[in-house]
Structure formats: structure tokens, C-alpha cells
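In what follows, a structure is listed as C-alpha cells, so that the remarks can point back to it.
The values are calculated or read from the model by the stated rules, or taken from the named source; none is laboratory data. The structure presented is a predicted model; accordingly, all values stated were derived computationally and were not measured. Backbone-built Cβ (ideal geometry, glycine too); neighbour counts: all protein chains shown.
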Amino acid sequence: MKKSRLLGFLLGSICLLFGQGSFAMDCDEIVLGAAISLTGKYATNGVHAQNGYEFAIQKISEHGGIKIGDKCYNFRVIYYDDESKGDRGATLAERLINQDGVQYMLGPYSSGLTKAIAPVTEKYQIPMVEAEGASRSLFTQGYRYLFAVLSTSEQYLASAITLAAEKAEETGKSPSDVRVAIAVENDPFSLDIRAGVLEDAAKYNMQVVVDEKLPRDLSDMSAILTKVKLVKPDVLVVSGHSKGAATAVRQIEEQNVKVPMIAITHCEAADVVGNFGDAANDILCSTQWAETLSYSDSIFGTAAEYEQEFKAAYPEYAEKTVPYQTAQASAAVYVFKDAFERAGSLDKEAVRDAIAETDLSTFYGQIQFSEAGNNIAKPMVLRQIQDGKYNVVAPSEFASHQLNWPRG
Amino acid sequence: MDQILFNLSLLGEYPIVNLKIVIDGIMIGALFALAAYGLALVWGVMNVKNLAQGDFVIAGGYVSWWLAKYGVHPLLGVPAAFIVMWGVGWIAYKLVISRVVEKDLFTSLLATFGIAIMMAQILNLLFGSDTQSIKLDYDTLYFFDGFIDVPIAKLLGVLLAATLAACVIIFMKSSRMGQAIRATAQDARAARVLGIDTEKVYAFTFSLNSAICGAAGAIVVMVWVIQPFYGITHSIRAFVIVTAAGLGNLPGVIAAGLGIGALEQYGSHIFGIGYQQAIAVMLLLAVLLFRLIQQRRVRKSLQ
């Protein structure tokens, strides 16, 4: 210990002797805290998010770090594993703030964990930019220090309803003739999705003919699909995390269910193309982000460049598409960088106010926060599985491909 | 209420759907019955209520899934999972279960609950938390204008399950080991007096249960999906089925499994799929109440 301090002192003096040039590259540290699911049921996505954070930190440091005044900083994150459990997440957030003295937080994975941690960051007035909690209920609590870069969950499949209305008009029918079937899991996230779909369906005066809630633990939905076959809706919306996606795709094919438009969530997480091949064709999948979108920024480049460079940095992703969970995690770090620079100080209140005023174009999309802290500038994207590839078909201004309709 | 009436009217309008519901239910029930069968065995012979039952099922599914990744045909995964899970069951018995067999109910529940947590987490670390499944390239058979669909993969799964169940029943009835197991179940002490190595019987029974679960899991991965934390679904159903059928009534377990499968499907069609599991549990309550009343009558006549 003593020796190394002496050595450091010597080296320091030598550097001082030879001028200050060598110091210019060494930036100070800004420490962020994150409790994230590295084990437990959210482990896969938790790791995706962590990789996104780390990749962004590395890119920002390559671009000269965060400049506040004439000093430069780099991010460093203290991670704790919340084991995918809410109570653990809240405890770890306390520990990060009280013991590690963290002043700024990055979010955990999932709405549930974010919900558990947000009261803690709120209590200590610690700004938290989160990238993985989409539940609408996070933004109705009046939280002042919580910001989310992603679109909230009620938007996930609502665009499918708009798309169905557009198609109805094209074929000379009225959107109010469209009949909607909904099957969502009975959890906060999926119920948000259902609320958004119901809201938009009501706007077009559509008729909801099936409205079922899938139990959390069951991997069989043949009863619903039988009903769908009998009532023949025009749109079928399914949300049940990756299990719901896998079950839906498999049983829709098995039961030979013909619905002109089928929209689901978590296609990538369930790897429906890899697992079920052709059965997944022409299914619409909602996503926060796709690498084919035309967004870009000065740090990460375009969405496509982000994907390439991320794959180069993390070879384990080489075989698959980079999940949006990773992209949005990177975007959250970028929001912090931007806010620190605009705030011009390390004071957490100043940083919080700067985050609230964010108006940032990123490779992930536009980021601008509402009063409640959710991102209101970025739309959800719908991709259709066409010959095993995910092609963006909605919203139309970013669409790279035509929609295949009707399905089947 | 309107929804329920509408659902009932659909059943009336398309009577053929009734048949479909029963077929679907039986195909689902067959798989749950298999795990329940193993549970009844362990419960009856060793008086251990194995809470890790579902996790053995999921582990078997992962064995088959992992082999399929390396090009092994999924149908061969069923015997492979049987063998591998036999080994896993044996290890679990030697490490943990052998120490709790003669202990009270609470100890064995805690121990098997611990095994369940361990297994789920180990599977998660080994294979990740993504849902997995195997798609068999078999067609689906359609009857009655496509109203009834029987995927051949599912049919094969049910046939495999039936074969396995039949083999185990024959084994229990006619082999020496089967006799020893039944003798131990009746009275362990008497069995020991008569020269049966009950320790060996216990180890065998637990391994057999684990192997049956493993084979069930290998079938589940072909017709549904698996994920490290889905074991509890199978555990709960196994308990419901065994409790409803009663111990020591192995054919009853199979019948109860099929019946619960079919009734669940009916219930979920009429009341909404959200109530599917509630229906299973209500059914259990009804059976238990019925039993209680029945027993009370018997006791009264004895007094």
C-alpha cells in the first residue's frame, strides 16, 4: 500500500515535471448506480441491458467523455444483482445511495423492478433514467426523478389497430366494421397493452369480440383460439411475454387459425422465427427500436452502425439481431451525458432539471420527456415477419417494407 | 355474464366444438397425469411430498431440447431424458431425500422445496431464462371442416405418455422390484423384516419418479414451451390430481388427470381462460369436500 502510494507520488511528480499534456486524456469519473437482474427470471434481458449500458459508456469515452466546463468525465457504473426480485431491488437501491454514495441511477430491467426502485430514488431525490420499465402505471405516481427513454406499454400494440383501420379503408370498408380479438396475460404490463388497444379500438368504434386474460403460468391457449376461429375477428392481439408469443405462434399454426392481422409482443425474445420457422410468417411484432430505422446521432451513428459496432464489441450477439433492450439501455446513458453537459455541473438537482428538458435526437429515436417522465417523442414500431426476416411496416414514415395483408 | 352466455351459445351453435374441447383437454391432461403419477408413487411409497416435481419435468425438457440442438431427434429425447433424469433423481435421493424420508412432513416439504429452487436456478444458469421449445416437422390432422385439429406431434406425445404409463403399471404389477415397492408402500417395517432392502427401494422409487417426470418434460417441450421457472405449474397440477384421485390409486390418477384436463378446457371456454387454473383448484376443493362428507358417513356407521 505504502509502496504504491510512493510510486504514484513519484510518477505524479515526473508527470508534473514533463508538463501536463499526459493528464488531458485522463478524465474524472462520474459514478452511476444500477441494480439489475443478472440472475433469476429476467437474467437474459438484464444482461442485454447491462451490455447496452457498458457499450454506451465505452463509446462516450471514445468520443472524449462528458465535458463539464473545461473538465472531462467518464461514467462508471456500480452494478448489483437484484435476482429479478422487487424487494431485493429496493434494498440494493438503498445500499447504492446510502453506502456507495451514488447520486445518479440507471434503471433496472422490467416494469416491476422499476416500480420497486422508483420510490427509493424518489425518497433520496436521486435522478434515475431508466430504459426497461414501460408500464404506464410508473408515470401516474407523480414521480419527479424518474425518466424513461422508451415508449410506454399502452402504445405497444395500439399501432396495429391503426394499421387495421387503414387497411379497412383501403378495401372500402369502414374502420368501425373491424372486429378485434384480444388475448393478454394477466399482469400489469400486458393489461396496459390491452388498455391501449381498447382505447384505440374505441376511437375507431371497432367491436371487441374476444377479450380474454391469459393466466400467468399456463402455456396453452387452445380454448381462446377455438373461440377466435368461431367468431372470425379481423385483428388478433396477443401479449404474454415470450411464453405468450411462443405459445401463440405455435398454436395458431396447429389450429390453423386464419386471422387477417395478428400482432404480438416479444417475438425476438421468444425467437419465434428460429423456433417455429414459417409458422411465424406475416405476424406483426411490436418493438421499441429496429436497426433498420433512419435515426442517428453523433456518438453512435445510425441505428445500423450501432448494431454493427455493438456486435463487434460483443461477439456473442453476432448470430442474432441486437435486442432493443440493449439499444434503449445505451440511449439512457446517452441521456445522462447530454444532461450533465447541459447542466454544466454535478449537482443532482441541476442534472435532474437538465434531464427534464432533454430534447435529444439519438440512434434510438427522439427523446423528450413529458411532465410525468415518459418519452413522448418516439413512436412504437411494428415489424412484420416476412420470410423469416423482421421488416418494419409501421408507422408508415419509417416503414422499409410493404405490409403483407391479409395473413394466411 | 353476457360473455358467459355468449360462450355457451357458441357451444350450442357449433356442437362439434364440444368434441374439440374434450380432445384438447385429454391431450393436456395426459401430460399432467404423467407427472402426477410419479408424485403418487413417491408420496405413497416414501411419504415424501415432492415439491420439485415440476422442476424435474422442466429439467427433462431441457435434456431433450439440448440434445435436439445437437441433431438428436426429439422423439429420442424422451428415452434420453428418462435416463438422464433417472441419474439426477438418484443423486437428489442420495444427497437429500434419503435424509428426510423418515422425518416429519414439514422437513420433507422444506427439503424438496429447496431442491425445486436449486434446480430452477441451475437450469437458468445453464440455459438462460428464454423460453424454449422444439418444433417437430409433422403435419396437423384436421377433421370436420378443420374444426378439430390434432397435431401429430401432440398425438405422438400423448401416445408416448400412454406407453410410458402402461410400462410403469406393468412393471409395478409383475416385476420383483415392483412387488418390493408395493410391499414397502404397504408397510415399510414389515417389508424390512421380510428382507426387502427398503433403502434400495426408496432410491429406486425416487429415481423412477424423476425419470418419469423427465420423459414427461421431453414430451412437454415438443408440444408446449419450457422455461427454467415454469416448474411450479406442473407441480401444482400434479398435487391437485393426486389429491383428487387419492393415493394408492394409480389408474385413478390417470383418470383424474384426463378429467381435470377436459374440465379445465370446458371451464376456460365458458368462463374465460383466466379462470382455467381456478377451475382446477375449485375441482380439488369439491373432491375434498365430497370425500370428507363420505368419510364422516363411514365413521358414523363405525361408531
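Observations
- Considering A:Ala332, A:Ala354, the condition of being modelled with pLDDT of 95 or more and surrounded by fewer than 22 Cβ atoms within 10 Å (Cβ to Cβ) is satisfied by A:Ala354 alone.
- Test: B:Leu247 is surrounded by fewer than 22 Cβ atoms within 10 Å (Cβ to Cβ), of a type in the set (A, V, I, L, M) and not in a helix (DSSP H, G or I): yes
- Which listed residue is in contact (Cβ under 8 Å) with a residue 60 or more places away in the chain, buried (at least 19 other Cβ atoms within 10 Å of the Cβ), within 30 Å of A:Trp405 (Cβ to Cβ) and within 14 Å of chain B (Cβ to nearest Cβ), from A:Ala158, A:Ala168, A:Ala181: A:Ala181
- Qualifying residue in the stretch A:193-200 (condition: within 14 Å of another protein chain (Cβ to nearest Cβ) and either part of a loop (DSSP other than H, G, I, E, B) or at pLDDT 90 or above (or both)): yes
- Some residue of the stretch A:376-384 being over 18 Å from the mean Cα position of the chain (by Cα) and touching a residue at least 24 places away in the same chain (Cβ under 8 Å): yes
- Only one of B:Gly157, B:Gly214 that is surrounded by 20 or more Cβ atoms within 10 Å (Cβ to Cβ), within 14 Å of chain A (Cβ to nearest Cβ) and not hydrophobic (A, V, I, L, M, F, W, C): B:Gly157
Residue-wise test of (1) crowded, with 24+ Cβ neighbours inside 10 Å; (2) within 14 Å of another protein chain (Cβ to nearest Cβ).
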residue	(1), (2)
A:Lys258	no, yes
A:Gly274	no, yes
A:Asp282	no, no
A:Gln288	yes, no
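- Of everything in the stretch B:134-153 that is more than 8 Å from every other protein chain (Cβ to nearest Cβ) and among the aromatic types (Phe, Trp, Tyr), the residue that is nearest to B:Val221 (Cα to Cα) is B:Tyr138.
- The stretch A:143-191, residues that are among the basic types (Lys, Arg) and either part of a loop (DSSP other than H, G, I, E, B) or closer than 30 Å to A:Gln125 by Cβ (or both): A:Arg144, A:Lys173
- From the options A:Ser151, A:Ser219, A:Ser135, residue that is over 24 Å from A:Pro260 (Cβ atoms) and within 14 Å of chain B (Cβ to nearest Cβ): A:Ser219
- Cross-chain or 6+ apart pairs with Cβ under 6 Å, the stretch A:229-242 first and farther than 14 Å from B:Thr131 by Cβ and away from every other protein chain (no Cβ under 12 Å), then among the polar types (S, T, N, Q) and buried (at least 23 other Cβ atoms within 10 Å of the Cβ): A:Ser239/A:Ser190; A:Ser239/A:Thr265
- Contact annotation: residue pairs with Cβ atoms under 7 Å, 6 or more positions apart or on different chains, pairing a residue in the stretch B:267-281 that is within 9 Å of chain A (Cβ to nearest Cβ) and closer than 19 Å to A:Lys227 by Cα with a partner that is small (Gly, Ala, Ser) and assigned to a helix (DSSP H, G or I), are B:Ser268/A:Ala223; B:His269/A:Ala223; B:Ile273/A:Ala223; B:Tyr275/B:Gly267; B:Tyr275/B:Ser268; B:Gln276/B:Gly267; B:Gln276/B:Ser268.
- Some residue of the stretch B:224-235 being farther than 26 Å from A:Tyr42 by Cα, in contact (Cβ under 8 Å) with a residue 12 or more places away in the chain and either facing another protein chain (nearest Cβ under 10 Å) or surrounded by fewer than 24 Cβ atoms within 10 Å (Cβ to Cβ) (or both): no
- Filter result for B:Asp24 (closer than 17 Å to B:Leu156 by Cα, within 14 Å of chain A (Cβ to nearest Cβ) and charged (D, E, K, R)): yes
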